[in-house]
Ligand SMILES: N[C@@H](CCC(=O)N[C@@H](CS)C(=O)NCC(=O)O)C(=O)O
């Protein structure tokens, strides 16, 4: 699959934003968060919208202990999206008890790479590892430069409200859920925030623009649209971020 042009990406973003603002099924308060999500992704230079140059592919899936709202976790997810990597996500919201103990008192993000047998802590080390093993050359500066990461990450956090911050009681699924997504999409962010709050583990399939995995995704789902959630525990398969959030709430919130 060829990479899209800048004009194409800009027109897609405008189309997605207009769709979100005019959707009569979505409450106004949620629309504000979606717009905040667009602005936040703009602040992060829309990182994770389009794939970068890809290196060798891992044979085993990586594992990420992630906190959706954390300014240090975000560049890691951006790198995963840019490098077209899938990952097993273990969400660690504030107050979480399901996956936080594995952090052993240290913070997120943590990445386990079974391919290289590395267990990495800290955003910059993880992003460098991902680019060194699964990319070509060095990571882009806005993923690793600490002041940029912290300032834009914290500003992005303000723009996207409290969603995904604090744990809420939930029932643990037997099997991890599956989400097709790309990092900069504010609709995908809303779903990831809900998964994070409810501490629901999921396989994150990154399908940013230009992803070679898009063809197989469309063959499976019927259209190129994200977010798309599959729940192997119930057989549910859903598009539309708001519908997905309501499904998660009804199925797993305790
Ligand atoms: N109303 C939908 C909007 C979803 C949407 O517009 N998704 C965009 C990404 S932000 C998309 O899938 N674009 C197709 C593409 O990236 O090629 C929702 O809430 O899920």
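None of the figures in this text is laboratory data; all of them are computed from the coordinates on show. Being a predicted model, the structure only gives us computed values, none of them experimental. No Cβ is skipped: glycine too gets one built from the backbone with ideal geometry, and neighbour counts run over all protein chains shown.
Side notes on the structure shown:
- Length-normalised contact order for the range 170-254 - Cα pairs under 8 Å, 6+ apart - percent: 40
- Note on the chain: with a GNM built from Cα contacts shorter than 10 Å, the maximum mean-square fluctuation among 145, 130, 39 falls on 145.
- Length gained when the stretch residue 172-residue 24 is fully extended (0.36 nm per residue, less Cα-Cα span): 50.1 nm
- Distance between the modelled labels on residue 218 and residue 148, one decimal in nanometres: 3.3 nm (7 Å Cα→Cβ projection).
- Estimated [θ] at 222 nm from DSSP helical runs (n ≥ 4, -39500 (n - 2.57)) normalised by residues in the chain, nearest 500: -12500 deg cm²/dmol
- Note on the range 182-254 and the range 45-120: Cα centroid distance 17 Å, given to the nearest whole angstrom.
- For the chain, the calculated P(r), taken from all Cα-Cα distances in 10 Å bins from zero up to the bin holding the longest distance, is 7, 33, 40, 18, 1 percent.
- Sorted peptide list for 3-10, 85-92, 117-124, criterion being average Cβ within 10 angstrom, highest first: 85-92, 117-124, 3-10
- Between residue 106 and residue 53, the C-beta separation translates, for a Förster distance of 45 Å, into a calculated FRET efficiency of about 0.90.
- Normalising the average separation of contacting C-alpha pairs (under 8 angstrom, six or more residues apart) by the number of residues puts the relative contact order of the chain at 24 percent.
- Cα shape, the range 31-129, gyration tensor, a/c 1.5 rule: oblate
- Antiparallel DSSP beta bridges within the chain, as percent of all bridges there, nearest 5: 60
- Mean Cβ neighbour count within 10 Å, used as a protection proxy, ranking 191-201, 223-233 highest first: 191-201, 223-233
- Ranked packing of 44-50, 137-143, most packed first, by mean Cβ within 10 Å: 44-50, 137-143
- Highest-MSF residue in the chain out of 166, 126, 13 [GNM, Cα springs under 10 Å]: 13
- Modelled label reach - residue 141, point 7 Å along Cα→Cβ, the range 45-84 residues with backbone N closer than 13 Å: none
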